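All of the numbers you see were taken from the coordinates with simple rules; none came from a lab. Keep in mind that this is a model prediction, so the values were computed, not measured. Cβ sites come from the backbone with ideal geometry, for glycine too, and all protein chains shown count toward neighbours.
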Amino acid sequence: MELEELTITQIHRGLTKREFSARELTEAFLDRIERFDKKISAFLTVTKDISLRQAKKIDELVSRNEEIPILAGIPFAIKDVILVEGVKCTAGSKILENYIAPYDATCIKKLKSQGAIILGKTNLDEFAMGSSTEHSAFFPTKNPHDLSRVPGGSSGGSAAAVAANFCSFALGSDTCGSIRQPAAFCGVVGLKPTYGAVSRYGLIAMASSLDQIGPITKTVEDARIVFEAISGKDPLDSTSVQYPISNIQYPISNLRIGVPKEYFTCPVGSRMDSYGAKGIDPEVEKIVRSAIQKYEKAGAKIEEISIPYSTHHSLATYYLIMPSEVSANLARYDGIKYGYSTVDQKTEKPKNLMDVYLKSRGEGFGKEVKRRIMLGTYALSAGYYDAYYLKAQKVRTLIIKNFEKAFEKVDVIMTPTTPTPAFFLGEKTQDPLSMYLSDIYMAAVSLAGLPAISIPCGKVAPHHFENRHNTRDKFNRAKYGRGQSGGGLPVGLQIIAKPFEEEKILTIAEMFKKL
Amino acid sequence: MITKKEVEHLAKLARLGLAQKEMEEIQKDLSLILDYFNLLKEVNTEGVTPTSHPISAKPYLRKDEVLKQPSEKIQKLIELAPQKEKGCIKVKSIL
C-alpha cells in the first residue's frame with residue numbers, strides 16, 4: 001500500500017512506530033500532487049514550504065519520543081474559502097485573487113495545534129456558489145474517476161484531492177450540499193455537521209444561517225477524528241455550540257431507518273419535470289435501495305416515511321434564503337477595504353465612490369455570484385420581501401417541523417445524496433436551474449441545520465451510460481468524448497439525524513462496510 | 001417576467017456594474033428562477049413563525065467593549081487595502 005492511501009490511524013501508527021517520517025510522508029503527497037494534479041486541477045495553491053516546516057517539527061517530536069496527537073503529521077488540504085494566515089485565500093474569485101489571509105480560521109488553529117500538515121488550498125466554485133467547481137474563476141477541477149466529468153461542488157477540489165490521494169483528508173464547507181455532493185461524486189466520505197458544531201470564524205461567508213465547515217475523508221473513522229478535532233464552541237462565532245460527543249452504542253436491531261418517499265419519486269412527465277428535474281437515475285435508486293436493504297438484513301427496521309416540502313419546496317426555499325444572505329454578505333467586497341479594486345487598474349479612473357463600487361464589483365465577481373446577488377437583492381427589495389424572503393423563512397419553519405415529526409418515528413433517515421452520479425463538464429453551466437437541481441436532496445437538511453453524512457455505497461456501471469438513449473448524454477459524448485469511467489461512477493448514501501447527533505450517524509455509517 | 005428596467009434598478013441597488021449583455025442574461029435567468037419559486041405559493045404558511053436561525057441556541061453576547069489588538073495585526077489589515085495613507089484606508093469623497 002502506498003503511503004498516500006493510508007488512513008489517519010494508520011499514518012499515526014506508522015509515524016509513532018517510526019516506519020516512516022513526517023517528512024517522507026509529506027514529500028510523498030507533494031510528489032503525487034506535482035505529478036498528477038496537472039490532470040485533475042484540485043489545487044489552487046500548494047504550500048510546500050509550510051508543510052515541510054511543519055513536518056520537520058513533528059519528526060523532532062517523534063525523535064524525542066514525545067507523544068503526538070492523532071492528527072500530528074497528517075497532511076491535509078483546505079478548501080480555499082477557509083483562512084490560513086499568510087497564505088493566499090481566493091474563494092475561487094478574481095475579487096480575492098491576491099488576498100493574503102491575515103489570520104487563521106478557528107478550525108485551522110485547532111488543526112495546527114495538533115500538528116496537522118497543511119499541503120495547500122483547493123479549488124471551488126466562486127465563493128462556494130455552485131455544484132460542479134466549474135464556477136471557479138481560475139479553472140475547473142476534474143473528477144478523478146472520469147476526467148470528462150465534474151467532481152461536484154462547491155468543495156470539488158477538496159473531494160477530488162481526497163479521491164486522488166493528494167492528501168489524507170480535506171476540509172470543505174457545506175451550505176446546501178457542498179461537502180456531501182462532491183463527496184458522493186468522488187466516492188469519498190463527506191460530513192456536514194449540525195449548524196453551529198464547527199466555528200465559522202475564518203470561513204469566508206456565503207449564507208450565514210446555513211454555512212458549515214466539515215471534513216471530507218477516505219473513511220468514516222477519519223471523518224470522526226477530524227470532526228472531533230475541529231468542533232466546539234468558539235467565542236469568535238456566536239452561533240457555535242458545545243455539545244458532548246458521547247460514545248453511545250446503537251445496536252442495529254433497535255435501529256429504525258426512515259426512507260422518505262419524496263426522495264425516490266419524481267417520474268418523468270410529472271409536474272416537476274417541467275422544471276428540468278428528470279427524477280432519480282434508476283441505477284442510482286437501485287444502488288441506494290440495496291444499501292438500505294443491507295441494514296435491514298442486519299436487523300434494522302425500515303420505515304417508509306414522508307417529509308412534506310423536503311425536496312422541490314426546500315430547494316426553492318433555499319434559493320430565496322441563500323441569495324438574500326449572499327447579497328448582504330458580499331456587500332463587503334467594495335473595492336476599498338481589500339481585494340480587487342478598480343482604483344488599482346490602468347483603465348479609466350473611477351469618477352466617484354459609486355463608480356468604485358460598480359466597477360470593482362462588476363469586474364471582480366463572476367457570473368453565478370452576480371446572478372445570486374441580483375436574486376437576493378430582488379427577494380429583499382421593497383414590495384417583494386413578504387412574497388419571497390419572508391415566505392421562504394416561514395416554509396423553512398415548516399420543513400424543520402416536518403423533520404422533527406419524522407424523527408419521532410425513526411432514528412435516522414437515509415436518502416440518495418444526489419439523483420445522478422457525476423455529470424459531464426459543461427453539461428449544466430448554461431442552465432443554472434438544472435445545476436441547482438443537483439442539490440435537491442440536500443437542501444432540506446441544510447435549511448433545518450441537521451447533520452448528515454454522505455458515504456460511498458456503490459458504483460453505477462459504465463455500460464449503464466453507454467446504453468442510455470439520452471440526447472443530453474449523446475451531445476456531451478460528442479463534445480467531450482465517451483468519458484473514461486472504466487471503473488464506474490460512485491454513488492453516495494446520505495444518512496441524516498437530529499441536531500447534534502453526529503455520533504449516531506458516524507456510528508451507523510461505520511457499520512456499512514461490515515454489512 | 002422581470003423587466004429590463006427592474007434589472008437595471010436591482011443592479012444599482014446591489015452596486016453591480018453590469019454590461020448590457022449581462023443584464024439581458026440575468027433578466028432571462030431571474031425570470032426562470034422566479035418561476036420556480038411559484039411552487040411555494042401552494043404552501044399554507046398562515047400563522048407560521050419565520051425561521052432565521054435553524055438551531056435555537058441561546059444567543060451569545062459578549063460585553064460591548066473594544067478589544068485591544070496588537071498593532072502588527074492592525075497593520076496587516078490596513079496593508080490589504082488598495083489605497084491607504086498614514087495608516088488609514090483612503091476612500092473617495094462621500095459627500
_Quick one: 3J(HN,Hα) in Hz for segment A:400-412, Karplus 6.51/-1.76/1.60 with θ = phi - 60°, rounded, Gly and Pro as x._
4, 4, 5, 5, 4, 4, 4, 6, 6, 9, 10, 8, 9
*When you look at the Cβ of every residue in B:31-38, what mean number of other chain Cβ atoms sits within 10 Å?*
6
*If you build a Gaussian network model of chain B, linking Cα atoms that sit under 10 Å apart, which residue out of B:Glu42, B:Glu24, B:Glu65 swings the most?*
B:Glu65
*Can you tell me the relative contact order of chain B? Whole percent, Cα pairs under 8 Å, sequence separation 6 or more.*
16
*According to the square roots a ≥ b ≥ c of the eigenvalues of the Cα gyration tensor, what is the shape class of chain B, taking rounded for a/c under 1.5, prolate for a/b larger than b/c otherwise, and oblate for the remainder?*
oblate
*Work from the charge dipole of the protein assembly as shown (Cβ charges, +1 for Lys and Arg, -1 for Asp and Glu, about the Cα centre) and give the residue of A:Thr90, A:Tyr318, B:Val48 farthest towards its positive end.*
A:Thr90
*What pairs from A:Lys286/B:Lys28; B:Lys5/B:Lys84; A:Lys233/A:Lys498 go past 29 Å between their alpha carbons?*
A:Lys286/B:Lys28; B:Lys5/B:Lys84
*What is the distance in Å between the Cα centres of segment B:46-89 and segment A:435-457?*
29
*Determine the percent antiparallel among the DSSP beta bridges restricted to chain A, to the nearest 5.*
65
*asked:* Show me the trypsin sites (Lys or Arg not before Pro) within segment A:38-123 that DSSP assigns to loop and that have at most 12 other Cβ atoms within 10 Å of their Cβ.
replied: A:Arg64
*If a/c stays under 1.5 just call it rounded; otherwise compare a/b with b/c (prolate if a/b is bigger, oblate if not). Do that for the protein assembly as shown, with a ≥ b ≥ c from the square roots of the Cα gyration tensor eigenvalues.*
rounded
*asked:* For a quick check, take a GNM of chain B with Cα springs below 10 Å and name the residue from B:Leu67, B:Leu39, B:Leu30 with the largest mean-square fluctuation.
replied: B:Leu67
*asked:* Among the listed pairs A:Lys294/A:Lys504; A:Lys121/B:Lys86; A:Lys428/B:Lys12; A:Lys370/B:Lys86; A:Lys38/A:Lys359, which have their C-alpha atoms separated by more than 27 angstrom in this model?
replied: A:Lys121/B:Lys86; A:Lys428/B:Lys12; A:Lys370/B:Lys86; A:Lys38/A:Lys359
*How much FRET efficiency would the formula 1/(1 + (r/R0)^6) give for B:Ala19 and A:Lys337, where r is the Cβ-Cβ distance and R0 is 35 Å, rounded to 0.05?*
0.90
_Restricting to Cα pairs below 8 Å that are 6+ residues apart, what does the relative contact order work out to for chain A? Please round to a whole percent._
17
*For B:69-76, mean number of other protein chain Cβ atoms within 10 Å*: 1
*Compute the length gained on full extension between A:Met1 and A:Leu147: take 0.36 nm times their separation in residues and subtract their Cα-Cα distance, giving the result in nm to one decimal.*
50.2 nm
*Between A:Arg18 and A:Glu404, what length in nm is gained on full extension when 0.36 nm per residue of separation is reduced by their alpha carbon distance?*
134.0 nm
*Please find the FRET efficiency linking B:Glu65 to A:Lys233, where r is the Cβ-Cβ separation and R0 is fixed at 22 Å, and quote it to the nearest 0.05.*
0.60
*Based on other C-beta atoms within 10 Å, arrange A:Thr122, A:Thr317, B:Thr49 from fewest to most.*
B:Thr49, A:Thr317, A:Thr122
*Enumerate the aspartates and glutamates that A:Lys17 could reach by cross-link, defined here as Cα to Cα under 20 Å, with residues fewer than 8 away along the same chain left out.*
A:Glu2, A:Glu4, A:Glu5, A:Glu27, A:Asp59, A:Glu60, A:Glu66, A:Glu67, A:Asp222
*Give the long-range amide H neighbours of A:Ser148: residues separated by 5 or more places, or on another chain, with amide H under 5 Å away, using H modelled in the peptide plane at 1.01 Å from N.*
A:Gln484
_Quick check on packing: order A:145-152, A:381-388, A:322-329, A:191-198 by the mean number of other C-beta atoms within 10 Å, highest mean leading._
A:191-198, A:145-152, A:322-329, A:381-388
*How about segment A:331-360: which trypsin sites (Lys or Arg not before Pro) there are in a DSSP loop, with at most 16 other Cβ atoms within 10 Å of their Cβ?*
A:Lys337, A:Lys346, A:Lys351
*Give the long-range amide H neighbours of A:Ala452: residues separated by 5 or more places, or on another chain, with amide H under 5 Å away, using H modelled in the peptide plane at 1.01 Å from N.*
A:Lys192
*Choose one of B:Ser31, B:Leu16, B:Gln75: the residue whose Cα lies farthest towards the positive end of the charge dipole of chain B (beta-carbon charges +1 Lys, Arg; -1 Asp, Glu; about the Cα centre).*
B:Gln75
*Hey, what number do you get for chain A at 222 nm if only DSSP H runs of n ≥ 4 count, each worth -39500 (n - 2.57), divided across all residues, to the nearest 500?*
-11500 deg cm²/dmol
*Mind computing the radius of gyration and Dmax over the alpha-carbon atoms of segment A:71-204? Å is fine for both.*
13.5, 39
*Spin-label point model (7 Å from Cα, Cβ direction): what's the A:Ala387 to A:Glu221 distance in nm?*
5.7
_Separation in nanometres of the label points that stand 7 Å from Cα toward Cβ, at B:Glu6 and B:Leu95_ = 3.7
*Mind listing which GluC sites (Glu not before Pro) in segment A:329-399 are in a DSSP loop and have 16 or fewer other Cβ atoms within 10 Å?*
A:Glu348
*Anisotropy class of segment A:1-63 from Cα gyration tensor, a/c 1.5 cut*: oblate
*Can you figure out the FRET efficiency of A:Ser253 with B:Lys76, using R₀ = 60 Å and their beta-carbon distance, to the nearest 0.05?*
0.60
*Dipole magnitude of the protein assembly as shown about its Cα centre (Cβ charges: Lys, Arg +1; Asp, Glu -1), debye to nearest 20*: 600
*Pick out which of B:Glu22, B:Glu46, B:Glu85 has the largest mean-square fluctuation in a Gaussian network model of chain B, springs linking Cα atoms closer than 10 Å.*
B:Glu85
*Choose one of A:Ile100, A:Leu124, A:Phe407: the residue whose Cα lies farthest towards the positive end of the charge dipole of the protein assembly as shown (beta-carbon charges +1 Lys, Arg; -1 Asp, Glu; about the Cα centre).*
A:Ile100
*Under 12 Å from the 7 Å Cα→Cβ point of B:Glu42, by amide nitrogen: which residues of segment A:297-315?*
A:309, A:312-313
*Based on the Kirkwood radius over alpha-carbon pairs, what value in µm²/s does the Stokes-Einstein equation return for the translational diffusion coefficient of segment A:1-121 at 10 °C and 1.306 mPa s?*
107
